[in-house]
Amino acid sequence: MMVLQSVLAVASGGLVGFTLGLIGGGGSIIATPLLLYVVGLPPHAAIGTGALAVSFNAFANFAGHARAGNVRWRDTGLFAAIGVGGAAIGSWIGKDVDGQRLLFLFALLMMAVGVLMLRRGGSGAGGAHEPRRLPLVILAAACVGLLSGFFGIGGGFLIVPGLIFSTSMPMLYAVGSSLLAVGALGLTTATSYAASGLVDWPIAAEYIVGGLAGGYLGMQLACRLATRKAVLNRIFAGLVFVVALYMLYRNAAAFGLAI
């Protein structure tokens with residue numbers, strides 16, 4: 001059983017890393033369910049272990065995108081710094097809201113993000129990058145941080161569109177740049193859970209190993225797809241819709257709805 005669990009941990013980590021490398025988001029949303037239902041960890045240990053693995057893989061994928069020239073350093077540094085502050089405030093507020101209602105509302109937010117991404121279309125790796133609009137970047141980072149902290153999941157799903165809408169950078173650069181903030185937010189959560197003994201370190205190590213391989217493949221595919229207009233945007237929006245619909249289904253009862 002331990003060998004099987006290790007294999008499942010590596011495979012699940014590979015899927016998380018691939019998602020992060022390809023679209024810069026989705027890692028935190030799929031990491032915990034995989035650890036719960038595939039690897040077999042208890043809920044709190046799954047959250048803490050998943051946060052640590054996602055954080056490490058996000059930083060690793062960020063390094064890969066940085067080497068490939070897919071990072072806008074000033075924008076992502078500012079976005080991450082302000083976003084972490086906003087996340088601290090948002091998480092403090094979110095603790096007082098019923099968990100199921102929180103997830104249902106988050107799913108509605110994800111649907112809105114998906115629609116906006118499809119309406120915007122996509123940019124390739126080339127093209128001019130508009131000068132950053134500092135007040136808009138600060139506002140977007142603060143809002144994304146607040147929402148990420150409030151809902152506790154989905155940092156990448158919010159950070160990628162937040163970077164695109166506030167800086168007009170191409171999708172590929174938003175994916176690469178977002179991973180710094182994803183890693184920072186995940187590390188904050190992981191540190192809190194580790195302090196309470198809620199991280200399974202051996203599973204986390206196996207998860208990370210799989211994530212490194214998956215992240216490399218995801219980054220390579222992202223670079224190739226960047227030359228085809230709107231492909232990354234459509235992949236991103238499609239994954240957002242699938243996860244959002246599942247979350248709406250699982251949490252509709254919190255509002256007395258039957259789906």
Residue set 234, 250; condition open to solvent by 10 Å² or more (accessible area, probe 1.4 Å) and closer than 12 Å to residue 171 by Cβ; output residue 234
Against the condition among the small types (Gly, Ala, Ser), modelled with pLDDT under 85, surrounded by 14 or more Cβ atoms within 10 Å (Cβ to Cβ) and within 19 Å of the chain's Cα centre (by Cα), how does residue 114 come out, does it pass?
yes
Exception for residue 130 within (1) modelled with pLDDT under 85; (2) open to solvent by less than 60 Å² (accessible area, probe 1.4 Å); (3) among the acidic types (Asp, Glu) falls at (2)
When region 37-69 is checked residue by residue, the ones that are open to solvent by 50 Å² or more (accessible area, probe 1.4 Å) and either assigned to a helix (DSSP H, G or I) or at pLDDT below 85 (or both) are 37, 38, 43, 44, 47, 56, 59, 67
Within region 13-28, of all residues that are open to solvent by 10 Å² or more (accessible area, probe 1.4 Å) and either modelled with pLDDT of 75 or more or in contact with a Pro (Cβ under 8 Å, 6 or more places away or on another chain) (or both), the one farthest from residue 148 (Cα to Cα) is 14
Q) Right, residue 177: touching a Lys or Arg at 6+ places or on another chain (Cβ under 9 Å) and closer than 20 Å to residue 90 by Cβ or not? A) no
Of those in region 196-223 that are in a loop (DSSP other than H, G, I, E, B) and touching a residue at least 40 places away in the same chain (Cβ under 8 Å), the residue farthest from residue 12 (Cα to Cα) is 196
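The values are calculated or read from the model by the stated rules, or taken from the named source; none is laboratory data. Everything numeric here is computed off the predicted structure, so don't read it as measured data. All Cβ positions, even for glycine, are placed from backbone atoms using ideal geometry, and neighbour counts span all protein chains on display. For accessibility, only protein heavy atoms count, side chains too; no ligands or nucleic acids. Shrake-Rupley method; radii C 1.70, N 1.55, O 1.52, S 1.80 Å.
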